[in-house]
Amino acid sequence: MASVSLPAAHELPRMIRVRQRFPPPPLLDVAAAVGAGLRSLTGHLRPGARVAVAVGSRGIAQLPELVRATLAVLRSAGAAPFILPAMGSHGGATPEGQKALLAGYGITEAALGVPVRAGLEVAEVGRTADGRSVPCSVAALRADAVVLINRVKPHTDFSGRLGSGLVKMLVVGLGQAAGAAAFHRAAAVVGHEPALRAAAAVLLPRVPLLAGVAVVEDQRHRLARGEVVAPADFLTRDEALCAEARALMPRLPVEEVDVLIVDRMGKNISGTGMDPAVIGRMIHGYSLAPDVAPRRPMVHRLFVRELTPESHGNAIGIGLADFTTTRLLRALDRRATATNALTALSLQGAKVPISFDSDREALAAALASLPGAAPGRARVARIRDTLSLEWLEVSEALAAELAGRADLELFGPATPWEFDPAGNLPPLDHPDAEPGETGPAARAPGL
């Protein structure tokens with residue numbers, strides 16, 4: 001815990017609420033998107049076939065509905081499905097931790113009426129062309145069929161035609177802790193995408209895959225597309241859907257920020273707690289990553305306030321921040337965070353930034369550490385998290401640069417910061433304002 005001299009209230013920049021004009025949300029029928037495609041692939045399943053439905057640790061939009069729709073089709077085909085946690089080393093690399101992560105999303109035996117069979121046992125299914133071992137979940141290998149459910153999006157650690165998707169779920173998710181570690185070691189030498197492709201070439205003909213349920217989210221973290229993919233098409237559909245997801249990803253409306261305040265980070269938001277494409281900071285930083293290039297925006301100081309409960313203490317990515325709160329550090333599970341960082345070889349992501357007892361102290365320190373601008377003239381932005389970028393707050397200096405843009409709405413007038421008696425900020429909730437509203441009615445309560 002650090003201590004700094006607090007600037008006077010009038011020295012803090014006043015803030016203005018901003019709305020990014022995103023396209024209208026799509027209307028996706030989850031059951032229809034999953035049903036027709038999956039039914040076309042279940043014809044050869046024998047009655048009572050044991051089908052592993054692999055679910056990961058990400059906070060995917062409408063995940064319970066996706067899982068229920070998948071289970072419904074499998075049951076109607078006479079199969080006996082079960083849930084298989086497929087999340088590499090997440091959940092502290094323990095069966096109990098992985099079941100707890102799924103339970104946080106509503107994926108439980110009681111809710112779905114099927115077993116959740118968590119286990120970390122793996123077996124080597126083969127070796128890549130350069131001799132690297134490729135492990136896979138024993139539970140998946142012993143099943144009669146496997147269905148993967150995952151969101152397709154650009155990966156947080158690298159750029160390429162592949163990102164997070166069905167192939168990564170196959171290699172890293174079904175690989176459990178051992179497979180995740182093997183993949184990241186290979187990626188540190190040959191690059192992430194080549195490592196994914198090499199391992200997938202070994203796994204695709206050897207794992208009893210039935211299908212993949214792939215979804216793409218829009219700028220509001222809502223489902224924009226859902227489709228069922230045959231195993232032979234995993235690579236090509238992952239590439240196409242990753243390109244679509246990249247075009248839909250939300251970003252900050254600026255290229256440079258003096259101070260960025262992120263209200264919450266967590267594994268349900270991004271694999272790295274905060275999406276590097278939004279904050280402009282890579283999880284590997286100066287360490288191992290042969291295929292990583294510098295990214296924008298340029299964020300000079302990054303302050304993160306909270307860790308989501310859905311993270312179950314895994315604060316991987318906290319090392320990307322410069323400032324945080326002692327309450328976030330109290331929520332941090334050192335073992336879970338270290339396990340994730342060591343498995344992914346992302347050691348920088350587990351380092352602990354400077355912490356303060358209150359948001360006011362942390363904000364003051366971030367502003368005071370800027371070498372150029374006076375606190376009141378700093379270019380400050382505040383977001384809820386890196387998935388929620390439709391609404392944000394910016395300082396007057398930054399608002400002056402954004403004025404007149406067709407893709408943005410600014411809601412004035414500028415207001416001072418409001419802290420509770422403990423010196424903490426109220427949540428940055430999204431207002432119910434419709435586009436075009438102005439004035440107090442368009443402002444979130446307390447802001």
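Matching residues to (1) closer than 22 Å to Met87 by Cα; (2) not in a helix (DSSP H, G or I):
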{"residue": "Glu310", "(1), (2)": "yes, no"}
{"residue": "Asn314", "(1), (2)": "yes, yes"}
{"residue": "Leu342", "(1), (2)": "yes, no"}
{"residue": "Gln348", "(1), (2)": "yes, no"}
{"residue": "Ala366", "(1), (2)": "no, no"}
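Suppose we filter Leu223, Leu209 for residues that are touching a strand residue (DSSP E or B) at 6+ places or on another chain (Cβ under 6 Å) and at pLDDT 95 or above; which single one remains?
Matching residue, one of Leu223, Leu209: Leu209.
Does segment 343-371 hold any residues that are in contact (Cβ under 8 Å) with a residue 12 or more places away in the chain and surrounded by fewer than 16 Cβ atoms within 10 Å (Cβ to Cβ), and which are they?
Listed by number, the residues that qualify are Lys351, Val352, Ala368, Ser369.
So Arg46 ticks every box in (1) surrounded by fewer than 18 Cβ atoms within 10 Å (Cβ to Cβ); (2) among the basic types (Lys, Arg); (3) part of a helix (DSSP H, G or I) but one. Which box is left unticked?
Here Arg46 meets the rest and fails (3).
Residues in segment 97-111 that are touching a helix residue (DSSP H, G or I) at 6+ places or on another chain (Cβ under 6 Å) and part of a helix (DSSP H, G or I): how many?
4
So the check is Cβ under 6 Å with 6+ separation or different chains; which pairs have a first residue in segment 26-53 that's at positive phi and a second one that's surrounded by fewer than 17 Cβ atoms within 10 Å (Cβ to Cβ)?
Gly48/Ala80
Go through Gly160, Gly119 for me and flag whichever is within 28 Å of Val278 (Cβ to Cβ), in a loop (DSSP other than H, G, I, E, B) and not assigned by TED's automatic domain parsing to the domain that holds Lys267.
One residue alone meets the criteria, Gly160.
Residues being under 23 Å from Ala364 (Cα atoms) and modelled with pLDDT under 90: count how many of those fall in segment 387-410.
0
Using the structure shown, decide if Ala140 is in contact (Cβ under 8 Å) with a residue 60 or more places away in the chain, assigned to a helix (DSSP H, G or I) and closer than 21 Å to Gly212 by Cβ.
In short, yes.
Take the residues of segment 65-96 that are touching a strand residue (DSSP E or B) at 6+ places or on another chain (Cβ under 9 Å), part of a helix (DSSP H, G or I) and in contact (Cβ under 8 Å) with a residue 40 or more places away in the chain: which is surrounded by the fewest Cβ atoms within 10 Å (Cβ to Cβ)?
It comes out as Leu71.
Please give the number of the condition Val125 fails out of (1) touching a Pro at 6+ places or on another chain (Cβ under 8 Å); (2) crowded, with 22+ Cβ neighbours inside 10 Å; (3) under 28 Å from Ala80 (Cα atoms).
(2) is the only condition that Val125 fails.
Examine segment 134-146 for a residue that is at pLDDT below 90, in contact with a Gly (Cβ under 9 Å, 6 or more places away or on another chain) and in the same structural domain as Arg58 (by TED's automatic domain parsing), and state whether such a residue exists.
Within segment 134-146 (the criterion being at pLDDT below 90, in contact with a Gly (Cβ under 9 Å, 6 or more places away or on another chain) and in the same structural domain as Arg58 (by TED's automatic domain parsing)), the answer is no, since none of the residues qualifies.
Can you tell me which of Pro413, Pro375 is modelled with pLDDT under 85 and either in contact with a Lys or Arg (Cβ under 9 Å, 6 or more places away or on another chain) or not assigned by TED's automatic domain parsing to the domain that holds Asp218 (or both)?
It is Pro375.
For segment 416-447, name all the residues that are among the small types (Gly, Ala, Ser) and modelled with pLDDT of 50 or more.
Ala422, Gly423
Any chance you could count how many residues in segment 385-410 are surrounded by fewer than 21 Cβ atoms within 10 Å (Cβ to Cβ), farther than 12 Å from Val257 by Cβ and among the charged types (D, E, K, R)?
Count: 5.
Scan segment 252-268 and give yes if some residue there is modelled with pLDDT under 90, assigned to a loop (DSSP other than H, G, I, E, B), more than 24 Å from Arg379 (Cβ to Cβ) and within 18 Å of the chain's Cα centre (by Cα), otherwise no.
Yes - at least one qualifying residue is present in segment 252-268.
The values are calculated or read from the model by the stated rules, or taken from the named source; none is laboratory data. These figures come from a predicted structure and were not determined experimentally. Heads up, the Cβs are rebuilt from the backbone with ideal geometry, glycines too, and the neighbour counts pull from every protein chain shown.
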